[in-house]
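All remarks here apply to the structure that follows.
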Amino acid sequence: MRYTLRLLTLQQFQRAAALICACEVLRREALDRGDDRWGREPFRIGLWVGQRMTPNSVEQSQQAVAQVRDAGRRGSPGVGSPAQLTSCPWCGTKVDPGRDIVVESYGQGQARTLMYYGDTRGACPFRKRLAPGDGLPVLVVDEEIYRRLPSILISTVDKFAQMPWKGEAQMLFGRVDGHCPRHGWRSPEIEDADRHPKRLTLQAVATAPCGPLRPPDLIVQDELHLISGPLGTLVGLYETAVDELSTWEVGGRRVRPKVIASTATIRRARDQASALFMRNVAVFPPQGLDVGDNFFSRQREPSTRTPGRKYLGVCAPGRRLKVVLIRIYLAHLAAGQVLYDRYGRHAAPWMTLVGYFNAMRELGGMKRLADDDIRSRVSRGSGRGLANRSLRVTEELTSRKASTDIPGVLDHLEVQFDPAVDVRRLGLMVVAGQPKTTAEYIQATSRVGRSAPGLVCTVLNWARPRDLSHYEQFEHYHATFYQQVEALSVTPFAPRAIDRGVCALLVSLVRLGDSRFNGNEAASAVDRDDPLVKAAVAAITRRAWEVSQRADIRADVEDRLKRRLDDWADEAANTIAGRRLGYQSKRDGVTVGLLETPGAERWAPFTCLTSLRDVEPSSSLILVDRGMDDLPGGRSAAGGDAEGIGTTDAADGKVPS
């Protein structure tokens with residue numbers, strides 16, 4: 001299951017963990033009856049995301065847990081935490097990471113991060129006594145995911161940028177060469193030995209060789225409408241390797257995984273699905289005969305039993321946007337308090353105000369105002385004819401938030417204001433500026449008004465022509481929402497996309513396709529005439545033709561791949577005596593790296609992306625404040641007043657042009 005945003009990934013992981021716990025309980029009960037139809041391997045769920053959110057190795061997991069236990073000890077910077085669940089998904093017991101998480105190293109145990117979140121009354125089947133050596137069926141450390149191969153893997157699309165860099169990733173596609181009863185599956189890039197002696201409660205074991213496993217059968221892509229632009233283009237390019245590695249032969253026939261994608265209203269869905277997955281689209285649920293009732297969904301008029309959303313547009317010409325936002329926030333918060341004073345717990349949907357922003361800069365400024373200005377004003381609103389209210393908590397859900405803090409914020413949202421109300425209670429939202437796309441606008445504002453009437457207030461910036469145009473056509477625009485959705489652009493084999501990603505595709509298919517070329521030092525053994533290498537070139541070239549239907553693009557991709565193979569062979573042949581070529585360089589003074597990370601300098605032949613979002617390096621802009629005396633005639637070189645050059649306008653945060 002793949003997502004584009006970290007927050008969505010974490011939410012679905014928490015929900016799916018309860019499902020996997022239920023599956024595991026049923027499997028154990030069946031085994032107790034002598035029924036092994038569900039197998040003897042536990043059902044597990046894995047979270048495969050960036051290292052800023054979860055650890056890459058058991059060692060990093062150990063450091064993170066030690067940091068929690070010893071508040072005075074600093075952990076490694078940029079390393080995530082294994083504590084991604086704030087409570088047990090089965091019994092609901094709150095988690096104490098320092099007490100409930102036990103990390104066993106490779107040398108001293110199973111190379112596992114064990115989570116014993118069982119309740120103190122002993123009713124949870126995943127407490128330590130009933131699930132020794134396993135705990136909750138949850139994997140959040142990359143190394144453990146490769147060794148244990150969970151039944152369901154939840155990840156972000158950005159993680160696939162690691163395929164050429166991580167040889168262990170081949171295990172996710174069933175490429176394993178052995179199994180250790182203590183440590184799990186193995187491949188060339190996973191540390192393991194053929195035999196392990198008895199240690200404490202662990203019995204002596206030997207690793208058994210085995211062939212490849214069945215690759216993934218099903219790929220679920222959520223929020224498909226967010227896979228567009230540069231990100232969508234690179235996802236479509238890397239999907240070439242994912243699709244090829246997930247394909248296997250049954251009776252001489254190639255079988256590809258089934259792809260299910262959920263999406264908001266989008267245009268050109270067939271073109272997008274073809275460019276991303278090379279699949280034909282079958283829409284579910286079908287359209288039906290009646291637009292108001294297609295059996296799976298029914299259109300209803302808003303009422304007390306079937307709530308809807310009302311959109312309100314605000315534009316204040318001549319006033320700064322932040323000033324307007326402050327007034328609107330105060331009005332919404334005070335009105336919610338009035339409803340609560342009048343109706344008590346029934347006013348829960350309007351007691352939490354959600355603010356939506358199009359840029360981090362705008363959010364940061366408003367967060368500061370909410371903590372200071374808005375908090376103080378709303379507490380003495382009676383002087384303005386409003387209700388007094390205490391603003392208890394202001395939180396943000398952005399990439400600025402640490403991975404260890406996000407589960408707590410989500411948990412706070414799930415706290416029930418009333419036994420019959422949960423996070424769906426959200427009924428108020430203020431949108432600062434018109435979002436960039438209509439699909440984003442529809443998706444964001446539909447977060448409110450799900451279980452109670454919702455009010456969305458869109459504050460439009462009069463200084464932006466696009467916002468002003470939306471305000472002038474506000475009623476018509478919202479009455480024809482779905483006609484306004486923009487067509488998505490996904491061009492996996494555009495020339496610049498080929499520049500950025502075709503090398504990574506080649507390395508991924510060669511390195512992850514077979515154990516012979518998987519190990520780091522195996523980079524020096526790659527032969528351009530090897531059947532696996534030829535098959536990789538053919539697969540990428542074929543995909544380029546199927547997506548673009550252009551012979552010139554197919555020829556260009558094939559030519560680039562052959563030149564990259566020539567460069568690869570030259571790198572291996574010209575390595576200085578005493579050195580050897582690896583996919584990545586090591587600090588052993590011997591291994592020279594083939595792959596290079598992108599930077600501001602010119603790209604080398606084997607520069608590979610480490611993120612599908614950061615396609616180009618950032619450009620730093622230095623603004624110099626120059627006085628009038630430094631310029632001829634007291635005028636700037638750009639034709640403006642010298643006092644405005646390179647300064648930031650404190651009033652609205654804009655830099656004069």
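With neighbour counts taken as other beta-carbon atoms within 10 Å, the residues Trp603, Trp48, Trp185 rank, fewest first, as Trp603, Trp185, Trp48. Distant-in-sequence amide contacts of Gly178, defined by a placed amide H-H separation under 5 Å and a gap of 5 or more residues or a different chain, comprise Arg186, Cys210.
Close amide H pairs (under 5 Å, H built 1.01 Å from N) link Val205 with His196, residues at least 5 positions away or on another chain. From least to most packed, judged by other beta carbons within 10 angstrom and beginning with the fewest, Tyr441, Tyr343, Tyr583 follow the order Tyr343, Tyr441, Tyr583. Packing here is the average count of other Cβ atoms within 10 Å per residue, and on that basis the peptides 465-476, 220-231, highest first, run 220-231, 465-476. Rounded to whole numbers, the Karplus 3J(HN,Hα) couplings from phi for region 195-201 are 9, 10, x, 5, 8, 6, 8 Hz, using 6.51 cos²θ - 1.76 cosθ + 1.60 with θ = phi - 60°, and x at Gly and Pro. Across all Cα pairs in region 238-316, the calculated P(r) in 10 Å bins from zero up to the longest distance comes to 12, 28, 26, 19, 11, 4, 1 percent per bin.
Put simply, the amide H of Leu139, placed in the peptide plane, has neighbours under 5 Å in Ile45, Gly46, Leu47, leaving out anything fewer than 5 places away on its chain. Beyond 32 Å in Cα-Cα separation lie the following of the pairs Lys166/Lys562; Lys159/Lys367; Lys159/Lys534; Lys166/Lys258; Lys436/Lys586: Lys436/Lys586.
About its Cα centre, what dipole magnitude does the chain give when the only charges are +1 on Lys and Arg Cβ and -1 on Asp and Glu Cβ, stated in debye to the nearest 20?
Values: 91 positive and 78 negative charges, 354 e Å.
Here the size comes out at about 1700 debye.
For region 210-342, what does the alpha-carbon gyration tensor say about shape, rounded, prolate or oblate, given a ≥ b ≥ c as the root eigenvalues, a/c under 1.5 as rounded, and a/b over b/c as prolate? The shape class here is prolate.
Partners of Lys128 within straight-line reach, counting lysines whose Cα lies under 26 Å from its Cα and excluding those fewer than 8 residues away in the same chain: Lys94, Lys198.
Pairwise Cα distances in region 1-104 exceed 16 Å for 66 percent of all pairs. On full extension, the segment bounded by Ser105 and Ala600 gains 174.4 nm, given 0.36 nm per residue less the C-alpha separation. Summarised as an ellipsoid, region 445-540 has semi-axes of 52, 18, 13 Å, derived from the eigenvalues of the Cα gyration tensor scaled by 5 and square-rooted, with the largest first. Restricting the calculation to alpha carbons of region 2-213 gives Rg and Dmax of 16.8, 50 angstrom.
Taking other C-beta atoms within 10 angstrom as a stand-in for reagent exposure, Asp552, Asp134 fall in the order Asp552, Asp134, fewest first. Volume per residue for the chain equals 244 cubic angstrom (convex hull of Cα atoms).
Remark: the Ser262-Arg528 segment gains 91.8 nm on full extension, using 0.36 nm per residue and subtracting the alpha carbon distance.
If you line up the long axis of helix 551-573 against the longest principal axis of the chain, both from Cα atoms, how many degrees apart are they, to the nearest 10? With both axes taken from Cα atoms, the answer is about 60 degrees. Across the options Pro605, Ala522, Gln170, the greatest Cα extent toward the positive end of the charge dipole of the chain (unit charges at beta carbon of Lys, Arg, Asp, Glu) belongs to Gln170. Considering the dipole of the chain built from charges on the beta carbon (Lys and Arg +1, Asp and Glu -1) around the Cα centre, which of Gly133, Ala572, Asn294 is farthest to its positive end? Positive-most Cα among the choices belongs to Asn294. How high is the relative contact order of the chain, in percent, with contacts defined as C-alpha pairs under 8 Å that are six or more residues apart? Reported as a whole number, the value is 13 percent.
Express in whole angstrom the spacing between the alpha-carbon centres of region 174-196 and region 265-297. After rounding, the separation between the Cα centres reads 43 Å. Over all Cα atoms in region 316-483, the spread is summed up by Rg and Dmax: 16.3, 46 Å.
Over all other residues within a Cβ to Cβ distance under 10 Å of Gly364, the charged ones net out to +2, with Lys and Arg as +1 and Asp and Glu as -1.
Rule-based calculations on the coordinates, nothing more; no lab input. Note that the coordinates shown come from a computational prediction; the quantities given were computed from them, not determined experimentally. Neighbour counts are summed over all protein chains in view; Cβ atoms, including those assigned to glycine, are modelled from backbone coordinates with ideal geometry.
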